Amino acid sequence: MSAAHPRSIATRTGDDGTTSLLYGQRVAKNHPQIEAVGALDELNVALGVAKATRPAGADHRELERIQKELVALMGEVTCAESDAARHAESKFTKVGEAELAHLDSAVAAIEARQPKFDGWATPGANLHAAALDVARVTTRRAERHLVGLAAHGRNLRPVVVQYINRLSDLLWLLAREAEQAKAL
């Protein structure tokens, strides 16, 4: 077998079932932090699907902003507990109170429009609403993984879990609004 090309995505370093945390520590690919980052990555993809299914002319910037914030969260979650201070002092983008306040404002704006819904949602009114609901439940899975990290010695900043919790609320509201649009 030939060596990987220097610019190849296939580094082969994970062939043994391990991967690297942010600053190089090797862990199993089913390590709780990797599971949490994987759930955030799945959420990023689900948001991409929601963005791709939005009605023609609908603004994509909110979903794209959230996707960029998820990348920052993934970086923080991928950092070993022993490197948390190093990450905090780094120039890496971090999600903080401003991003949390932005989600709160987005939730309040939708609630002010009083979207109609009767009881719990039954997803699937249209493709965009269903994509938003897939993103919402993926957010909840990511949240469960994030909350579980403390039991494995990785203590995240509270704003990380708060952000994901608020994001789920926002996605639920966006899906309910999207249900009221014409079927795609």
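For the chain, what is the relative contact order in percent, using Cα pairs closer than 8 Å and at least 6 residues apart in sequence?
Relative contact order, the chain: 28 percent.
Assuming a strict under-27 Å limit between Cα atoms, what lysine pair count do you get for the stretch 31-179 once near-sequence pairs (fewer than 8 apart, same chain) are dropped?
Eligible lysine pairs with Cα atoms under 27 Å apart amount to 5.
Based on DSSP H runs of at least 4 residues, each adding -39500 (n - 2.57), what is the mean residue ellipticity at 222 nm of the chain after dividing by all its residues, to the nearest 500 deg cm²/dmol?
-19000 deg cm²/dmol
Could I have the simple spin-label model distance between Ala121 and Ala150, label points 7 Å from Cα toward Cβ, reported in nm to one decimal?
2.8 nm
With all distinct Cα pairs included, what does the Kirkwood hydrodynamic radius of the chain come out to in Å, to one decimal, could you say?
For the chain, inverting the mean 1/r across all distinct Cα pairs yields 17.8 Å.
Angle, helix 32-52 long axis vs. longest principal axis of the chain, Cα atoms, 0 to 90°, nearest 10?
Result, in degrees: 40.
Please compute the Kirkwood hydrodynamic radius of the stretch 87-184 from all pairs of different C-alpha atoms, in Å with one decimal.
It works out to 14.9 Å.
Taking all pairs of different Cα atoms in the stretch 1-71, averaging 1/r and flipping that mean, what Kirkwood radius in angstroms comes out?
Value: 14.7 Å, from the Cα pair sum.
No lab work stands behind these numbers, since they all come straight from the coordinates. Owing to the predicted nature of the structure, the values given are computational and were not obtained by experimental measurement. Note that each Cβ is placed from the backbone with ideal geometry, even for glycine, and that neighbours are counted across all protein chains shown.
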